[in-house]
Amino acid sequence: MKALNRKDLFGDLAGFSLKPTRSEVFGNRKEFKSAALIGLVFLAFSFAYSLIAFIHYEPAVHVHEYAPSKIALEILGHFTLGLVPSLLLFDLNLSLLCASTAVLIDSDHILAAADFNVSGRPDHSFLFAAFSAIVILLAAERFHLPDKAFVKSAFVGPITLFSHISFDIFAATNSGASSFPLMVPFSFSGFYLPPYYWLLFEFIAAGFSICGFLLSRRFGRTVQKQEEPSSIDQRVKISK
Ligand SMILES: [Zn+2]
């Protein structure tokens, strides 16, 4: 992606349409496949990132939210609360990706579930959201997401974290286990989040989606414009 100049950043605000096109919203089979591959990259990264828990000893606490009786409800809950705010990205493939990553982020429970004396939720942290955003962007470029989807994909990490914690808070309302190590790896202590925060976090996730959508109007078009091959480039390609 080329650097954007000042005119690209601030020029002709009235020149772009807020209305998403049909192909942008529904994508195609290739984009669906790319989104699925990005989901797998996210899964690998979220487990790899959870290894950071080894720098801090903590007696293993088994989170029973994945007991067989609750697993379906847990997955459905995370999937739904991941899907709903991400619909504002106006890209169905990315919304399905957000819904999936909102489930997959819980791969950070694996170490504690395997009886290692480490934190069971190191990915439930702000720094994880920032790093996962970078990883997803790199994967989006690698798997050739279209320009607008590429811009929106930068927000999948934050949407995932906030919508995931939203359901964790919602589901913990009865058990009171509403504490999250938001500052890992700087601090492994949990921050208590009151029950009504589930709605706040869901709104924040929706806010990230709106940001992603609006920025895609601005930069998605610009990037596309810059990367559109000139007729000479096309002729070179064809002659190859
Ligand atoms: Zn969780």
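The values are calculated or read from the model by the stated rules, or taken from the named source; none is laboratory data. As the structure is a computational prediction, the values presented were derived from the model and not from experiment. We place every Cβ from the backbone using ideal geometry, glycine too, and count neighbours over all the protein chains shown.
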Pair list, Cβ < 8 Å and 6+ apart or interchain, from region 75-93 residues that are free of Cβ contacts under 8 Å to residues at least 40 places away in the same chain to residues that are away from the ligand (no atom under 16 Å from the Cβ): 83/95; 83/96
Residue 126 being within 16 Å of the ligand (Cβ to nearest atom) and either of a type outside the set (Val, Ile, Thr) or touching a helix residue (DSSP H, G or I) at 6+ places or on another chain (Cβ under 7 Å) (or both): yes
Any chance residue 201 is surrounded by 14 or more Cβ atoms within 10 Å (Cβ to Cβ) and either within 16 Å of the ligand (Cβ to nearest atom) or under 21 Å from residue 76 (Cα atoms) (or both): yes
Scan of region 99-149 for residues that are in contact with a His (Cβ under 6 Å, 6 or more places away or on another chain) and modelled with pLDDT of 90 or more, ordered by number: 102, 103, 105
Residues of region 15-40 that turn out to be in a loop (DSSP other than H, G, I, E, B) and of a type in the set (D, E, K, R), as a count: 1
Residue 145 being closer than 22 Å to residue 52 by Cβ and of a type in the set (A, V, I, L, M, F, W, C): no
Any hit, region 99-109, residues being in contact (Cβ under 8 Å) with a residue 40 or more places away in the chain, among the hydroxyl-bearing types (Ser, Thr, Tyr) and either touching a Ser or Thr at 6+ places or on another chain (Cβ under 6 Å) or over 16 Å from residue 37 (Cβ atoms) (or both): yes
Tally, over region 150-176, of residues that are surrounded by 24 or more Cβ atoms within 10 Å (Cβ to Cβ) and either in a loop (DSSP other than H, G, I, E, B) or away from the ligand (no atom under 16 Å from the Cβ) (or both): 5
Selection count, region 100-116, where residues are more than 16 Å from residue 205 (Cβ to Cβ), more than 12 Å from the ligand (Cβ to nearest atom) and not hydrophobic (A, V, I, L, M, F, W, C): 1
Output for region 77-99, where each listed residue is within 14 Å of the ligand (Cβ to nearest atom) and either surrounded by fewer than 23 Cβ atoms within 10 Å (Cβ to Cβ) or not small (Gly, Ala, Ser) (or both): 77, 78, 79, 81
